[in-house]
Structure formats: C-alpha cells, structure tokens
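Have a look at the structure below before the remarks.
The values are calculated or read from the model by the stated rules, or taken from the named source; none is laboratory data. All of these numbers come straight from a predicted model, not from anything done at the bench. So basically every Cβ, Gly included, is an ideal-geometry build from the backbone, and we count neighbours across all protein chains shown. Just the protein is used for accessible areas: all its heavy atoms, side chains included, with ligands, DNA and RNA removed. Shrake-Rupley method; radii C 1.70, N 1.55, O 1.52, S 1.80 Å.
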Amino acid sequence: MNLTELNRIATAMVAPGKGILAADESSGTIKKRFDAIGVESTEENRRDYREMLFRSKDAMSQYISGVILYDETIWQNAKDGTPLIKLIEQSGAIPGIKVDEGTQGLPMCPGELVTVGLDKLAERLKKYYERGARFAKWRAVIDIGSDIPSMTAISVNAHALARYAALCQAAQIVPIVEPEVLMDGDHDIDRCYEVTQRVLNTTFQELRVQRVALEGMVLKPNMAISGKKCPKQASVEEVAEKTIRLLKACVPAAVPGIAFLSGGQSDEQATAHLNAMHKLGSLPWGLTFSYGRALQAAPQKAWSGRPENVAAGQRAFSHRARMNGLASKGEWQSSLEQKAA
Ligand code: 13P
C-alpha cells in the first residue's frame, strides 16, 4: 500500500470548492428516478443520462472532484465510443466505484439490514483499479425506530465497512466509508445525533481494529438532522452547529475529508446546511458534498429523457454543482439560487 498516494487522492476528493457526484444508483434505484420523469430505464437511456452529466464541462472541471459510478457505468461507452470513465478523467475528476452489493435483512434483528458484498471483493477491486477507479464506496444503512438500531446492527455494519476499507487500501483504492443513519423517521435531531454518534464511534473503533489507515480514507456521513416526519424541524443553524459538534467529537483529524450524503434533503437545504457549517470557522478535515439526489433531481427533471433537453439538463446540473461548490467554501447565498438559468 502506498499511503502517500492514497492520502493525495483522498485530499483531492475533498478539495475546497469541489465535491463528489454520487451517480452510482443501482439499477433498481435509477429505475425509480426515471419512473418519476417518465423515462424507461433501458441500458441506453441510463448511458445517455450519465453521459449528459459527465459531458457538463463547466460543472465537471470546476466543481466536481470525483464521480461514484455503478458497475454497469464503469464498463459503458459514450455514444461516440469513448469509455464513460475517460470522459470523467478528461474533465479532471477522479473516477470511483460503488462496490457494495446492497443490503439484506439481518438475522435475529427484525427490521434491520446489513450491507453485503465482501465475497470476491479483492478480485473485483483489482479489475476496477485496472479500469481506472481510484476510490470506492460502501454504504451501510442504519434505521431509527422506537427500539432500533440495535447494537448488533451497528456492530456488524461497522465490521463490514472496515473489512471493505482494508481491502480497498490493500488494492490502492481510497475507501469512502459511508455509515448512513436514515432520516426517514419521526425522530428529532437529538435522537439522530445520539444514534449517529454511536454509529461513528463504533465504525472508527472497527477501522482501528482492522488497521485501516485513516489518512487514506474519506468519511461519508449523514448530517445531524430531524427525521423527515418529525413535527419539529431543526433550523439550518441548528443542523450545522450540531453536525459539526458531532463530527469533531467522533472523527479523528487524521481523516483527510468528510463528504456528506444528501439522504432525502431538498436540493437547497443540502446546500444551505453545508454552507452554514463552513460559516462556523475552521475545521480539522476537508468538508464537502457527495450528493446523489441533491445534485441530480434538477437535471433529471430538465432532461426528462429528451435529446433536445440535454443542454437544459447540463445547465441544471452545472447550477447545482456550482451552488454546492460555493457552499463547500461557505460562499453560497440563497439569492444566487434565483439567478439560475
Ligand atoms: P443521496 O445524496 O441521494 O443520499 O445519495 C448519496 C449516496 O451516494 C448514497 O449512498
């Protein structure tokens, strides 16, 4: 393992002004997104849509540090035959790959999930590296309910995240470690804080036990935020203040960067929260976005599967990428949203 190189890549992934495009929706998830805009989820449509994003020159070269791909996409070619991964490299962004294989029910723990995909992972990582991937992603899912999460679910998911991260580093790939605490419930922000604290502490404990080099990874957490169905929604300032307090308590300064998931927040909320965090003063790690929905909802709607809408889709993507790029430096203002093309 070359830790200097892993650290260089991890640091570039969270460079100020830039963040990560999570374009790694599984076939099931992208079908849901396409259903919402009335587009059939064929291999060609998925390719055309992602090609539109990766050919958004302004967004990709100025605001996007890396792109997380799904297995299908990393092997796909653009319409003109250029591998999609080459489009990403040519823009100056770093290609990455989702390597988990989704979730399964966790035995003995009703309603809880464990992420799978460790079998043959070493072999898969080798192929992805040869294809050009320089980082990877593995997402664990922790749900909040009246009597969940159990410590069992937190431990097994942390264990799998650390196994994955160690395998990545051995393959010279930077692991994005993503323990996502869902925001779907009716819990308040303090319950989210308390659960996320347990999840992060357990995850870092496992990473240490399994000798993962913290200098060569990126953390992808949720924010401390109210559940979507909670009647009392925390303000932008409260989310920013509690998230930073939580991360400072749980994430060692040796970690080069933190890149948030959006998790179902609206586009503008996700931007406002990141921006507000940067207003709180200097931080021990890079702090940016690794958004899926909050970067793609607008371009998906603008595109709607029509070739004549490609330019509009790219404008919508560039706008969100720029807004989040500014937020990653604390330079975003809500008035900039109105100026969207
Ligand atoms: P969202 O930003 O839509 O939550 O997706 C990010 C991601 O990569 C989840 O694994």
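Descriptive notes on the structure:
- Working note: Debye formula, equal point scatterers on the alpha-carbon atoms of segment 117-237, no solvent; log10 I(q)/I(0) at q = 0.14, 0.15, 0.16 Å⁻¹ is -0.62, -0.69, -0.76.
- Accessible carbon and sulfur surface of the chain relative to its total accessible area, %, 1.4 Å: 50 percent
- More than 38 Å apart - percent of Cα-Cα pairs taken over the chain: 9 percent
- When each of K98/K127; K98/K242; K232/K279; K32/K301; K248/K329; K220/K242 is checked by Cα-Cα distance, pairs over 21 Å: K98/K242; K232/K279
- For segment 195-258: accessible area per residue (Å², 1.4 Å): 40 Å²
- Kirkwood Rh, angstrom, segment 243-329 [1 / mean 1/r, Cα pairs]: 13.9 Å
- Taking all Cα pairs closer than 8 Å and separated by 6 or more residues, the relative contact order of segment 218-341 comes to 25 percent.
- Efficiency of FRET from Cβ geometry, K232 and E89, R₀ 41 Å, rounded to 0.05: 0.35
- Here the sum of -39500 (n - 2.57) over DSSP H runs of 4 or more residues, divided by the residues of the chain, equals -14500 deg cm²/dmol at 222 nm, to the nearest 500.
- Put the Cα centre of segment 99-154 next to the Cα centre of segment 1-58 and the gap is 19 Å.
- Nearest-0.05 FRET efficiency for L336 and A311, computed from C-beta distance (R0 22 Å): 0.60
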